1. Take peptides 176-187, 55-66 and line them up by average Cβ neighbours within 10 Å, highest first, as a rough protection proxy.
2. Would you kindly calculate the mean projected area, averaged across all directions, of the convex hull enclosing the Cα atoms of the stretch 1-48, in square nanometres?
3. Can you give the angle from 0 to 90° between the axis of helix 81-99 and the longest principal axis of the chain, with both taken from C-alpha atoms, to the nearest 10?
4. At a 10 Å Cβ-Cβ cut-off, how would you order 8, 103, 211, fewest neighbours first?
5. Can you compute the modelled spin-label distance between residue 43 and residue 177, with each label point 7 Å from Cα toward Cβ, in nm?
6. Relative contact order for the chain using alpha-carbon pairs under 8 Å, separation at least 6, rounded to a whole percent?
7. Relative to the longest principal Cα axis of the chain, at what angle does helix 27-36 sit, 0 to 90 degrees, rounded to 10?
8. Using a Gaussian network model of the chain whose springs link C-alpha atoms within less than 10 Å, name the residue from 140, 77, 201 with the highest mean-square fluctuation.
């Protein structure tokens, strides 16, 4: 299994190259993006973040002080804007209460401890928490999403309905603990799912064809 996972990564990287993920100018922007991208595509998130930047409010204090209605209006392009505004407010309150609004202070906390705290924030599940931890805090945790599950289940590595922890445990137990590897590998799964391993797969020409 370690060899198969390593070979998959090698083939995907050879085909697609580095993905430069997660796009964001600051750790806080990455965290906001991780919350906004729930149940939507990245192009919609970019529009919402552009609105926040245009109004010069992409910082913890400004978003904390902003009314729910105004925040919801600004992030409307990301969809489910009322729900996501509430989730953003929950995260920002947590950031201010626990770390005085500082992503740098959050980064200094132990991985397991910060993950447990993030998961206690209403509206933040394992995928969102791990995205923040890996991409914003630069700590080695493998992010599991629908794309990853789709690729691995189609290659008979795990059943699609296996738990999040089961999928994540596979990567943590079989691959070396490396931030860059976890970052790139997850992004490559996303790329593969969009290019080939779609709902209706395009297996011909897939980088993993024959595996």
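We did not get these values from a lab; they are worked out from the coordinates using the rules stated. Just so it is clear, the structure is predicted and the values come from calculations on it, not from any experiment. Glycine gets a Cβ as well: all are built from the backbone with ideal geometry, and neighbour counts include every protein chain shown.
1. Details: 176-187: 16.9, 55-66: 15.2.
Final packing ranking: 176-187, 55-66.
2. Working: hull surface 19.3 nm².
Value for the stretch 1-48: 4.8 nm².
3. 80
4. Numbers: 8 21, 103 18, 211 12.
Lowest to highest Cβ neighbour count: 211, 103, 8.
5. 4.0
6. Numbers: 217 pairs, mean separation 50.5, N = 211.
In percent, rounded to a whole number, it is 24.
7. 80
8. Maximum among the listed residues: 201.
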